[in-house]
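J.: Sharing a structure below in structure tokens format, with a few things to ask.
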Amino acid sequence: MNLEKTEGFQKTLLALLCSGLLSLVFLNQEQFLLTWFAFIPLLLATRRTSLLTTYLLSLLAGFCMFASATYWITDFLQLSKAQSLHTRLIWASLYWLYCGHLIAFVFVLFKLLKRFTVVHEFILFPLSVALLTHGYPMLFPMHLGESQTHFLWAIQATEFVGVLGLDTLIALVNIMFYRLILCLFHQPPKIRISLQWPWVISTTVVVAWFVIGGIRLEHWQNRMLDADSLKIGLVQPNEIPSLDKNTIQQGYSTAFPPEMEMTQRLSELGAEIVIWPEAQPKQYINDLFVRRAYRREIDDLDIGLVFQDQQQLTDPVNGRVVERFNASMMIDNTGIESGFYQKIKRIPFGEYIPLTKPGSDMHRWLLSFFGQFASELSAGDEFTSFVHDKVNIIPLICYETTFSGFVANAVASNSQHSHNDSGNVLVGLSNDGWFGSRHQSNQHILASTLRAVENRLPLIHAVNNGPSLVVSPTGEVVFQSDFQHAGGYLVDVNTSPDAKGSFYSEYPMAFVYFIFALVGYVVININITIRQKH
């Protein structure tokens with residue numbers, strides 16, 4: 001009995017160690033190397049356990065990992081709902097419990113596959129990670145690969161397979177280290193000759209990934225030396241989020257907000273395009289007076305302006321608002337609106353209530369719980385781009401930058417419908433003030449950093465409370481502003497007419513189909529194994 005308690009305690013410590021390693025890399029991306037062996041403790045803990053014990057240990061690891069890495073959920077609930085600490089912790093714990101099941105399901109699936117097939121672990125564990133990472137619904141997506149933005153050689157090959165490919169490679173390296181540890185500590189140490197081929201193939205895959213990464217990094221660094229330069233102005237208002245009506249600072253108006261004054265200054269410094277982040281509604285779309293004032297000002301400044309606003313569609317008979325959109329637009333240097341985009345990827349429970357029928361009891365209850373924060377926005381239905389003389393701007397709003405396949409589809413859509421010779425630039429407009437924490441803002445912008453590499457396009461991410469950043473197609477951060485500091489920044493962004501997208505932009509589902517093919521292979525193998533047993 002004492003031996004069982006000791007083993008149980010050791011396994012629990014290993015599960016907690018796994019959660020600590022994983023959360024650390026998402027809180028401090030400079031520790032990116034930890035990701036490559038973070039799963040080893042949990043693999044050791046669940047090595048010879050029942051399915052139930054595997055589930056409980058991996059759920060513990062997942063819950064603790066998400067509770068520490070996304071602790072800012074409690075700040076979000078306070079700012080959006082003004083909840084007490086006790087209530088915030090209850091709802092946050094439910095969120096962490098749900099997210100923790102991602103890790104739990106990975107290890108349960110891995111355990112089940114090992115029981116029913118003779119396919120090697122070097123296939124089964126990466127396959128389990130890839131399947132669940134791709135298919136498990138998450139409010140705020142988190143990928144293992146997002147922790148690698150400081151590891152430039154590791155992220156370059158995502159231009160072919162996306163961040164999911166990097167997730168899978170990280171899982172492969174973890175299981176390889178795990179098996180190596182078992183072999184080295186076996187008495188006597190041994191690796192069976194009959195099982196050497198998985199090591200050869202897996203090592204070749206890992207080495208090839210980094211060799212390709214080094215070659216592609218050097219290629220794109222040299223390519224960017226010949227790129228044209230575009231002066232971009234970034235405005236960071238650092239507004240405090242509020243559910244109350246718009247507040248107007250003294251000395252300003254809806255027709256001339258503080259952002260416009262900063263835009264004037266950036267124009268004087270030579271900015272060709274100025275970008276405002278997502279913040280409180282500007283009333284540009286719904287107020288004709290404001291719209292005319294903006295256009296006149298931008299015409300006088302002779303620059304382009306990209307910004308975000310709330311669009312309201314009203315009933316022509318009674319004037320009631322029937323639909324709302326989160327939108328972004330561009331006013332060109334002649335004062336003409338040259339592009340309009342309605343946000344497609346909405347945040348569940350923040351911008352719409354999922355899985356419920358409007359008007360149902362559950363829908364009304366959820367609306368009452370989330371209060372004013374649940375703004376019930378409609379989704380846009382098409383991608384678009386804002387055409388400038390030098391670039392095509394592909395707009396993204398809020399958390400759209402974190403969805404790998406979504407951004408790739410936006411790039412592909414622009415390439416199909418654009419008929420000019422200008423290159424593309426990704427522009428994200430976000431407001432992370434609702435989350436309070438710098439860690440959340442860092443996780444958001446570092447996730448969006450991978451979109452630049454995946455699509456081989458420059459990325460400009462303007463964030464209300466910062467840090468705003470500019471990323472080159474290599475994943476190198478060209479500029480990053482301070483967190484929670486208001487200001488205006490002038491940045492030279494290298495662009496190229498050839499920057500239209502990557503292989504991943506054209507075929508974002510290619511690696512997913514490869515994963516599905518592996519699933520088919522495993523299923524066939526399971527059927528053969530079962531028949532042989534009978």
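Derivation of every value follows stated rules applied to the coordinates shown; laboratory data play no part. This structure is a prediction, so every number in the text was calculated from the model and none was measured. All Cβ positions, glycine included, derive from the backbone under ideal geometry; neighbour counts span all protein chains shown.
J.: With +1 on each Lys and Arg Cβ and -1 on each Asp and Glu Cβ, how big is the dipole of the chain about its Cα centre, in debye rounded to the nearest 20?
T.: Once rounded to the nearest 20, the dipole reads 2800 debye.
J.: Below 14 angstrom from the Cβ of L127, what's the summed charge of the other residues (Lys, Arg +1; Asp, Glu -1)?
T.: Summing Lys and Arg as +1 and Asp and Glu as -1 gives 0.
J.: To continue, here is another question. Pull out a ≥ b ≥ c, the square roots of the eigenvalues of the alpha-carbon gyration tensor of segment 391-463, then state rounded if a/c is under 1.5, prolate if not and a/b is larger than b/c, and oblate in the remaining case.
T.: prolate
J.: How big is the Cα convex hull of the chain in projection, averaged over all directions, in nm²?
T.: On the way: hull surface 117.4 nm².
In nm², the orientation-averaged hull projection of the chain is 29.4.
J.: Could you please tell me the mean projected area of the C-alpha convex hull for segment 2-222, averaged over all directions and given in square nanometres to one decimal?
T.: 15.0
J.: Give, as a single signed number, the net charge of other residues whose beta carbon lies under 15 Å from the beta carbon of A15, with Lys and Arg counted +1 and Asp and Glu -1.
T.: Net charge around A15: +3.
J.: Take every DSSP beta bridge with both residues inside the chain and express the antiparallel ones as a percent of the total, to the nearest 5.
T.: 65
J.: What does the helix-only formula give at 222 nm for the chain: each DSSP H stretch with n ≥ 4 adding -39500 (n - 2.57), the total divided by the residues, and the result rounded to the nearest 500 deg cm²/dmol?
T.: Only helices count here, giving -16500 deg cm²/dmol.
J.: If contacts are Cα pairs under 8 angstrom and at least 6 residues apart, what is the relative contact order of the chain in percent?
T.: 16
J.: For a quick protection proxy, order the peptides 98-107, 497-506 by their average other-Cβ count within 10 Å, most packed first. Provide the component values of the computation, followed by the final result.
T.: Working: 98-107: 21.9, 497-506: 19.6.
Ranking, from highest mean packing down: 98-107, 497-506.
J.: To test your reading of the geometry: what angle, between 0 and 90 degrees and rounded to tens, separates the Cα axis of helix 361-370 from the longest principal axis of the chain?
T.: Relative to the chain, helix 361-370 is tipped by roughly 70 degrees.
J.: While we're on this one: Residue by residue through segment 464-477, which ³J(HN,Hα) values in whole Hz follow from phi under the Karplus form 6.51 cos²θ - 1.76 cosθ + 1.60 (θ = phi - 60°), with glycine and proline marked x?
T.: 3, 9, x, x, 7, 8, 10, 10, 7, x, 8, x, 6, 7
J.: Placing unit charges on C-beta atoms (Lys and Arg positive, Asp and Glu negative, everything else neutral), compute the dipole magnitude of segment 2-222 about its Cα centre in debye, rounded to 20.
T.: It works out to roughly 740 debye.
J.: If you don't mind, there's one more thing I want to ask. Rank Y504, S441, H485 by how far each Cα sits towards the positive end of the charge dipole of segment 428-508 (+1 on Lys, Arg Cβ; -1 on Asp, Glu Cβ) and give me just the farthest.
T.: Farthest towards the positive end: S441.
J.: Let me know the number of lysine pairs in segment 2-222 closer than 30 Å at the Cα, not counting same-chain pairs under 8 apart.
T.: Number of lysine pairs found: 7.
J.: Helix 196-225 versus the longest principal axis of the chain: what is the Cα-based angle in degrees, 0 to 90, to the nearest 10?
T.: So the helix axis and the longest Cα principal axis differ by about 20 degrees.
J.: Could you work out the local net charge near L269, counting Lys and Arg as +1, Asp and Glu as -1, over the other residues with Cβ closer than 13 Å to its Cβ? Could you put the intermediate results ahead of the total?
T.: Details: positive: K231, R265; negative: E268, E272, D492.
Here the count lands on -1.
J.: Would you mind checking the tilt of helix 404-417 against the longest principal axis of the Cα atoms of the chain, expressed as 0 to 90 degrees and rounded to 10?
T.: Taking Cα atoms only, the helix is inclined about 50 degrees.
J.: Going by average Cβ neighbours within 10 Å, how do the peptides 511-524, 477-490, 59-72, 227-240 rank, with the highest at the top?
T.: Ranking the peptides 511-524, 477-490, 59-72, 227-240 by packing returns 59-72, 227-240, 477-490, 511-524.
J.: When a/c is below 1.5 the answer is rounded, else prolate if a/b is larger than b/c, else oblate, so apply that to segment 409-534 with a ≥ b ≥ c taken from the square roots of the Cα gyration tensor eigenvalues. Intermediate results must be reported in sequence, preceding the final value.
T.: Details: a/c = 3.70, a/b = 1.74, b/c = 2.13.
Note, shape of segment 409-534 comes out oblate.
J.: Using the per-residue mean of other Cβ atoms lying within 10 Å as a proxy for protection, in what order, highest first, do the peptides 268-278, 329-339, 154-164 fall?
T.: Working: 268-278: 21.6, 329-339: 18.5, 154-164: 24.9.
Averaged packing, sorted descending, gives the order 154-164, 268-278, 329-339.
J.: Going by amide H atoms built from the backbone, whose H comes under 5 Å of the H on G339, apart from near neighbours?
T.: Under 5 Å from the amide H of G339: M330.
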